[in-house]
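All remarks here apply to the structure that follows.
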Amino acid sequence: MKKQLLFLTFFTLICQFFVLAQTVSISGKVTGQNKDPLAGVNVQIADGNLGAITDGNGNYLIKALPNATLVFSYVGYLDKSVKLTGTKVLDVNLTVDPKSLQDVVVTALGIKKESKRLGYATATVNGDAMSTNRTANPMSTLQGKLAGVNISTMGTGPAGSTKIRIRGQSSFNSVNQPLIVINGVPMDNTTYGIGGGIGARSGQVNSTDGGDGFSSINPDDIESITVLKGATASALYGSRAKDGVVMVTTKKGSSKGIGVEYNANYTTDEALDYTDFQYEYGQGERGVRPTTAYPQSAVWSFGEKFQPGMTQVLFAGSIWPYEPVRNRYKQFYRTGTNLTNTVTLSNGNENGSFRLSMSNSDNQGILSNNQFNKKTINLGFNQNINKALTIQGNVNYSNEFNKNPPQVNTQDMAIPTVLYTLSNSMPFAAMEQNQLMPNGNEFVMSRFLVRNNPYYSLNQRFENVKRDRIVGNVSFRYQINSWLYAQGRLAQDYYSRYNDYNIPNGYAPIPAAPTGFINGSYTQDVRNFRERNYDFLIGATKKIRDFGVDMTVGGNQMYRKTEYNSVSVTDFVQPGLYTIMNGRAKDPLYGKTERSVNSIYGAADFSYRTFLFLNVTARNDWFSTLAPSARSILYPSVTGSFVFSEKVKLPSWINYGKFRAAYAEVGDDNVAPYSNALYFGVNNNLFPNPSGASVPVGGINTTLVPNPDLRPLRVAESEVGLELKMFKSRVGLDISYYYKITNDQILAAQISDASGFTNKLINIGQSMNQGLEMQLSLSPIRSKNFKWDINLNASYNTSKVLKLGSSPSDTVIVVGGGGGRTIKEVVGLPIGALYTYLYKRDAAGNQVFDKASGKPLRNDVPAYVGNVLPKYFGGITNTFTIYGVEVGTLIDFRLGAKMIAGSNMNALRHGLSKLTLPGRAEGYVIGKGVNPDGSVNTTKADLQPFYETPNVLGVNEDFVFNSGFWKLRQVSIGYDFTKYLSKIKFIKGIKANFVANNVLILKKWTDNMDPENISNISDNETGLDFWTALPPTRSVGFNLNIKF
Amino acid sequence: MKRIKLFLSGLILLGFMFQGCEKGFDDLNINKVDPISLDPQFVMNKAITDATYRDNFATLELLCYDFGIVQQIITPFGSSLSGGNYNIFNPSNTTPIWTTFYQSVVKQLVYVIDKTKADATKTNLYNESRIWKAYAFMILTDTYGDVPYTEAGKGFLEGISKPKYDKQELIYKDILKELDEASAALDATKNTSTSDILYGGNISKWKKLGYSLLLRAAMRLSKVDPATAASYVKKAVAGGLMQSNADNSIIRHTSLYQNWIAVHLTAREKANFYLAKPFVDFLKNNNDPRLGSIAYRHVGAKSGAEQAAPRTTTDPTVQLGMPMGYDDVSIKNTFATYGVASLYDYSQVNLNTILKTDAPEYHVTYAQTQLLLAEAMVRGWTTGDADVTYKAGITAHMQQMAEYDSKAAIAADKILTYVTANKLIAGKELEQINSQYWVASFINGSETWANFRRSGFPALIKNPYPGSEIKGNFINRMPYPDSETITNQENLKAAVANQGANDLNSRIWWDKP
C-alpha cells in the first residue's frame, strides 16, 4: 500500500512538469468526516488534464489558471467542485457520500434501510452490470457476482431457465429456488418443462425447457438487484423466502425533467464443442461398416478402421466416402444472434415522476429453427397527491414468444442427443438429403428409431411457447404525521401461457394410424396463472434523545390460482394439418389449483445513537395447503449490529467497522395443494364391455402417497458477520458465517413399488448447512488515468444430513435418478449424495469379469461416489479504467462437487469414446482382471457388447467426475464518449461497450463436456446428466447506450 | 380533507379484503377437479385394463425376456433390447412387470377390496376383485418368486412403504384358498353391475373364470406339491370351468385403448422382433393352420424399410423363423443356410391380425383350461377323456383366431383335419398337451413361460448364443428391480436368503428341478 502511495505521488509529480507558465499555485488541506485529513484525494482541474493528490496530511499543491474550477474526488465521498476566486489557499471539507458509507439497502417488503442498521448479509448488483453484459435470462448474468449465490444456467436455448441456490440447498426435496420480488411484490418464477417438469404431458414427446418466470424482465429496467441471503433477511417474507429473496428494484423516473435513453445490445452466440472423440473407426456395428442400403447404424461408431478411399452406403443406397466428419457442432449449429433495443422516456418534477420503457429483444438460437422474441413495456410512476399522500406504481408487461425451443434431456427429436452420439463418419449432406421417404414418412437412419435425423427434427417438429404477462402493483402511502405513516398495496402477477407442439406425420417410432388416418399427434395447452397480494403496512418512527425506534406492523394476503387446459390429439384426417379438430383420438385435460397464505407481521427497529442497532421481527403465516392443526406458524427473528468504528478508537487505517449477528426462523409449507388426500381420475374414454356397452374406467391417479398430517418445514438460521472499510475505503471486506438447520422437511421419498406407489410425502428429516461468505473489494490503483478495482466474492458451504425418517433405522432417502445413477440423502453425508454401481472387484482389487461372456460384472449395491453440491464457489471481478476506457473481467469458479457425466456413457456405448479403442484391431476385449472363481480372465468378450455393458448394468464408475470449473465468464470493454459531446446539447451521454460472455473455460475435470452443460433441470437432481444438453455458447457483441 | 377521506376508505376496503385469517381455507384445499372417491366398479375396470401392461415400454419385459425364453419371438439386437435373446441380465427389461403390476393393478385392487369387503351390496364385486388379485399375483410371483403379497399395495391404506416379501409357497396357498372361496361366494342373485368391463356383470362367467384360474394355479404345483394340486383341481372341476370361448377373459382393445405389445411392435421395434425358429418349425412341421394366422414374412427384404407390400406374405409354407443364438451381425452366417436376403427377411408376428393395434388380449381362455384339464386327466387328478379334452383345447384356440381378425380365421374343416391328425399318444401326453399349451398361450408371455418351467415342455434346446451369462439352460426367474435394493433392502435381503441369489438362475419355489 505504501509503495503504491509512493508511486502515485511520483506519478503526480511527473504531471506537474507539464504545468503551463501563466498558472498560479493553489494549496490547501482536504478533510473528510469529523474534519479528519484525507490522503490520496484526487484534485483535478475541470476541463483539463492536470491533477494532484493530497499527501498523508491531506495537503495538496496544484497549479491552475486563476479562474479554474477544482474538482475534489475521493472514494466514499461526494465530488466537490470549487471555482477559484483568486485565493491561493483553498481548504475543502468533503461530504460523505450517503450511498457509499451508509448504503441504503432495500430490505424485505421494500423497506429501505441504511446498511449499517442491518444485522445480516445482503449483496447488491446494480442494473448496469446486468444490462451491459446480458443474457437472454437476466438471472444468468448474475453468475459469479454475488457471494453465497450459486446460479446455474441450463443448456436449453435462449429462453432456458436458471437454477439459483443461496447458501446451499436448504431442503432435500421440493423447490429450493429463492423468492423473486419485484418492487416489493412477489413474482412467480415457476420453471416449466423438461424431464417431468410442469410442462410435460405424459405420453407425449415433449421435452423442452419452457423457461422460468424471471425471463419476463428486461434487464434495462433493473435499477438494482439485492439478494437477501439469510433467513433473517427474509424473515418478513415468511414461508416463501426460506431460500432467500432476490429483490429487483426497477428504475424510476427522476425529478430532473424529461429524459430519453436508448440502449442497444447485440451479441452473437457460437456453440462450443468440448468433445474429444475417436476418429479412427467409423460408422457401423460390430466392426462392420454400412455396405448395403438402409443401414440403421447412424449412431454407432463401432465400424471399420478408416482407410483412404473407403466408402460407405447410406440411406437408400447412395455412396459416401468413409472418412471422419469432424467439427460436427460447427457444421450443424449456426451462429446465434441476440439483438435488444430499449427506449426509455422519463419525466418528473418535485411532485412526481414517471419512467416508461419499451423494449424488443430478438434471439436467434444456435438451432436454425429456434427463436425467442421478447417485448416488454415497463411503466413506473410516483405522484405526491398532497404533502401527505403519495401514490406509487409499477407495471411490467411482457410478451414472449419462444419458437421451437430445443428438445433436450431425451432422445425423441432431441438434436443435441443425436449430434452427440452421431456416428463420427456420418456426412451432414447425406442426412440433409434424406429426411423423408418418398411416401413422406420419416427416413429412419438408426435402429434406435428415436435417434432421428437432426434435419428431420429441425424441419418436422414444431413447438410454440407464448406468454403474455402483467406484473404490477400500486401502493398508497399516507404520512399521517411526522412519525407515523400507513401504506396499502395491491399487486398482481398474471400471465397466460400458450404452448403447442406436434409429433410429425409419419414419425417412425409411433404406430401407424388406423386406416383412413395418418399418424402423428398434436397438443395444445393453455395455462392461466394469477397471484394476488394485498398488503398493508403501518410504520412509526420515534426518537427520544439517543434512542430511536422504528415500528412496523403489516399484513399480507396471498392468493394464487393456476388453471390448465390441454387437449392432445393422435392421428389426423388431413395430413400436415396440426389442429385439434383434425385429430382422431382426443385426450383433454383440465387442472386447477388454488392456494392461499395469510400473514401478519411486525418489526421493531431500535437504535442507540448511530452505532448500535437491534431489530426484532415476527411473522405468522397461515397456509391453506395444510391441515387446520398444522397450518399456522410463527417465525421470529432478531438481529443486531454494532458499528464499532463510531464508538471505539480504531487504528487510522480502519474507516468503518461493523459487527453483526442474527438469528431467525422461517418455514414453508412446500407442498402442492391437495396433498392431503388421495384423488381419483376418470379416464377420458370409455371402454367397451362384452355386450358392446361403453363403461367408465378410473382409479387412483397418483403414484404419490398423500399425507394429511404434514407440518410446515422450519429453517433456523444464525449468522454473524463483520464489515470493514480500510485504507481510505480502498479495501472493503464483508465476511459472514452462517449455520442453518432445516427441520421437518417435507419429502416425497421414494418407496418400494410394491407399496403400490413410488413416493410418499413425509415430514421428516433434519439437515444442516453452514458456510462462510466473503466479499472483498480492493482499489489498488486509483489515479486519474488508471483505476483498478477488484471485487472478489467467495463462498464455502458444507451440509450434512442429520436425521431422516421417523425411526433411527431410517437413514436413506432416494431423491431421484435412473440408469444406475441415483441421488440420495444419507444420514451423516452431505446433502445430495451420488450413488452408482461400481465394477465388481475381488479382495485384491482386481476387476472381475464373467467367465462365459468376458463382460465386466457389477457390485450388488450402488456405492457412494461423491456429492453434487459445490463446496466452494465465487467470482473475481476486475475493473480497469485506463484513460476512460473501462475494462471488466469476471472469472468465476465452482469447486468441490462431483457429477456423473452420463453423456459420456452414451459416447461409450456408441463407440465414440476413446475408451472404446482398446481391442478394436482384434475385434475383442479381454478384460484385465479375474473371473468370479479367482482365475485370471482370459475370455475374449465381443467388443461392442463389452463396451455396452456399463450402460446395461448401470455402472457409471468411469464417469464420476469433479464437476468444478474455473471460467472466464465475462469480459467487457467500455468507453464513455460523453465528454466529446459538450457541443451537442441534445445528447447527454453516449457509452459503448464491447462484451463477451462465457469466454473461456480455464479449468475443468469432465471429459467431453462443459460441467455446467446439463439438461436435467429437476430442482433436486443436480449433478446427473445422461442426454446431452444444447452445447454451451460463447457470446460476443456490444452494448450502446445513448442518453438524450 | 377530501383526499384523506378517500384514502381512509381505501384502507377500509383493503381491510375487507383480509377476510379473517383462515376463512375459506378448508374449501380452498379441496380439489375441484378430481374426486376423492370413485365407484369401485370403475376402479376394478382399471385394474383389469391395466393388467395388460400400461404402456409400450412395459411390454419390453415380455418382448425381450418372456417371449425369447420360450423361443416364440426373438430379437437379434442387443443393448437396450438384450435379455432372453443372449441369456443375459438387462435390469431395465427385467423390471416392468414388477412396476406396472404393483403400481397400476395391485394398488387399485387393494382399494376395491377395501371398499367392498364390508359392503353387503357389493359382495360380487368384492369376490371378483379377489379373483383378479389372484390373477395379478400369479404373474408377479411366477416372474420373480417370493414377492410382497400380504403387505403389498398398502402404501396409502396402511402406510406400508417397505412391504415384506412372502414366500411363494404361502402366496400360492393363499391364492388357491382365495380363488376357491371367492368363486364359491359369487352369487348371481346378488347385485351385479353392467359396468363390469370383463363380463358385463355376468356372474356365472366370473365364477367360471375363478374356477379356471383355480385350475391353473393348482396345476402350477404339479412338480412341487402334487397332492395339493390334485385336491384343488378337483375343487376347480367341481366348481365349474369355462365351457367355450364365450367364457374367455378378454381385454377388447380399441383404437383408443390399444394393445401395447402391438403398439410397440408396429412403432419403435417394428423391424427388430422376429418369430423364433423353434416356434415356426413346430407349427410348420405339424401343418398347423395357425401359422398362417400368426405369421407373415417380407420375402427378400434387405432392410426394415423393405418390410412392406408387395413382399408381404402369410403363406405358411414360406414362413421362416429366425434361428436362436445370433446377434444382428453373426446372424449373417445364417443367410446362406436359409436363403434369406437379410435378417429382415425372417418371419414376424402378423401385425394385421394377431397383433394389430386393437387386437384383443387374453388372460385366461377356454383353450388353456381344456389343455390343463386334459393334463389333469392324464395325471389322474380328475376323470374324463383326455384326448377329447385335448382336442377341444386345440379347437378352441384355433377358433379363437377369428376373434383377432377375420383374416386370421381358420376354417372348421382345417381345424378338424388338424385335430384328427394330432391325437394324444400314450406316454407322450404331457409333452403334447403342454406343447399345445405353448401355442395356445402365444402372446400371453407370463403364462407361456410359467407353464414351460412347470411342465418342461415343449422340449426346447438351450439358446446357443455364445455370450450367455446363465448357469443352466434357461432363465429361471427375473431378478428383483434395482429400486428394491434402494428402497426395501432389508426385506429384499430376507427374500434372497430364502430363495437364492437375486439373479436369472435361482429357481422359484414351485419350479423344482
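Need the C-alpha centroid separation for segment A:549-570 versus segment A:585-653, integer Å. When both Cα centres are located, 19 Å separates them.
Once the Cα atoms are used to define both axes, helix A:2-16 deviates from the longest principal axis of chain A by about 60 degrees. When the inverse distances between all different Cα atoms of the protein assembly as shown are averaged and flipped, the Kirkwood radius reads 36.3 angstrom. In segment B:271-349, the portion of solvent-accessible area held by carbon and sulfur atoms comes to 52 percent [1.4 Å probe, whole percent, DNA, RNA and ligands not counted].
By the helix-only formula, in which each DSSP H run with n ≥ 4 contributes -39500 (n - 2.57) and the sum is divided by residues, the protein assembly as shown has a 222 nm mean residue ellipticity of -5500 deg cm²/dmol. Sequence-ordered 3J(HN,Hα) estimates for segment B:261-267 from the Karplus curve with 6.51, -1.76 and 1.60 and θ = phi - 60° stand at 4, 5, 4, 5, 6, 7, 10 Hz, glycine and proline given as x.
Are there chymotrypsin sites (Phe, Trp or Tyr not before Pro) in segment A:941-978 that DSSP marks as loop and that have at most 15 other Cβ atoms within 10 Å, and which are they?
Details: sites: A:946, A:947, A:959, A:961, A:965, A:966, A:975, A:977; in loops: A:977.
Passing both the DSSP loop test and the Cβ count: A:977.
Near residue A:728, the amide H atoms lying under 5 Å from its own belong to A:655; only residues 5 or more places off or on other chains count, and H is placed 1.01 Å from N. Straight-line cross-link reach from residue B:115 at under 18 Å between alpha-carbon atoms covers these aspartates and glutamates, not counting any fewer than eight positions away in the same chain: B:39, B:128, B:151, B:158, B:178, B:196. The Cβ shell under 11 Å around residue B:363 holds other residues with a net charge of -1, Lys and Arg each +1, Asp and Glu each -1.
Aspartates and glutamates near residue A:35 by alpha-carbon distance under 17 Å, same-chain residues fewer than 8 away left out - which ones? Output for residue A:35: A:55, A:79, A:91, A:97, A:646. With a 10 Å cut-off around each Cβ of A:473-485, the average count of Cβ atoms from other chains is 1.
I need the per residue convex hull volume for segment B:271-349, using only the alpha carbons, in cubic angstrom as a whole number.
Numbers: hull volume 6.2 nm³, N = 79.
Dividing the Cα hull volume of segment B:271-349 by its residues yields 78 Å³.
What's the total accessible area buried between chains A and B, using a 1.4 Å probe, rounded to the nearest 100 Å²? Walk me through the numbers before you get to the answer.
Values: alone 43090 and 21780 Å², together 56600 Å².
The summed interface area works out to 8300 Å².
Over 27 Å between Cα atoms, which of A:824/B:162; B:234/B:512; B:167/B:428; A:466/A:592; A:787/A:1043 qualify?
On the way: A:824/B:162 17 Å; B:234/B:512 23 Å; B:167/B:428 33 Å; A:466/A:592 20 Å; A:787/A:1043 25 Å.
Going by Cα-Cα distance, B:167/B:428 fall outside the 27 Å limit.
The residues of the protein assembly as shown present an accessible area of 36 Å² per residue when probed at 1.4 Å with all protein chains retained. Checked against a 27 Å cut-off, the cross-linked pairs A:740/B:154; A:83/A:985; A:940/B:462; A:898/B:154 give Cα-Cα distances beyond that limit for A:740/B:154; A:898/B:154. In sequence order, segment A:460-476 has phi-based couplings of 9, 8, 9, 8, 10, 10, 10, 9, 10, 9, 10, 10, x, 8, 10, 10, 10 Hz under the Karplus curve 6.51 cos²θ - 1.76 cosθ + 1.60, θ = phi - 60°, and Gly or Pro positions carry x. A cut-off under 10 angstrom between Cβ atoms defines the neighbours of residue B:239, and their net charge, with Lys, Arg +1 and Asp, Glu -1, is +3.
If you take every residue apart from residue B:180 with its C-beta less than 12 Å away from the C-beta of residue B:180, what net charge results, scoring Lys and Arg +1 and Asp and Glu -1? The partial results should precede the final answer.
Working: positive: B:130, B:173, B:177, B:207, B:234, B:235; negative: B:174, B:178, B:181.
Overall, the nearby charge balance is +3.
Considering every residue in A:742-754, what mean count of other chain Cβ atoms within 10 Å of its Cβ is obtained?
Values: counts 0, 0, 0, 0, 0, 0, 0, 2, 4, 8, 19, 18, 29.
Taking all residues of A:742-754 together, the mean is 6.
With respect to chain A, whose longest principal axis is taken over its alpha-carbon atoms, helix A:943-953 is tilted by about 60°.
Among the listed pairs A:914/B:302; A:163/B:107; B:117/B:177, those whose Cα-Cα separation exceeds 24 Å are A:914/B:302; A:163/B:107.
Summarise the partner chain shielding of B:478-490 as one whole number: the mean count of Cβ atoms from other chains within 10 Å of each residue's Cβ. Please list the in-between numbers first.
Details: counts 0, 0, 1, 3, 9, 9, 3, 3, 11, 12, 5, 3, 1.
Mean shielding by partner chains, rounded to a whole number: 5.
If a/c stays under 1.5 just call it rounded; otherwise compare a/b with b/c (prolate if a/b is bigger, oblate if not). Do that for segment A:625-777, with a ≥ b ≥ c from the square roots of the Cα gyration tensor eigenvalues. Prolate, since a/c reaches 1.5 and a/b exceeds b/c. Rounded to the nearest 20 debye, the dipole magnitude of the protein assembly as shown is 4680 debye, with +1 charges on Lys and Arg beta carbons, -1 on Asp and Glu beta carbons, and the Cα centre as origin.
The values are calculated or read from the model by the stated rules, or taken from the named source; none is laboratory data. From a predicted model like this one, the values you see are computed outputs, not experimental measurements. FYI the Cβ positions are ideal-geometry reconstructions off the backbone, even for glycines, and counts take in every protein chain you see. Remember, those area values only see protein heavy atoms, side chains included, never the ligands or the DNA or RNA. Shrake-Rupley method; radii C 1.70, N 1.55, O 1.52, S 1.80 Å.
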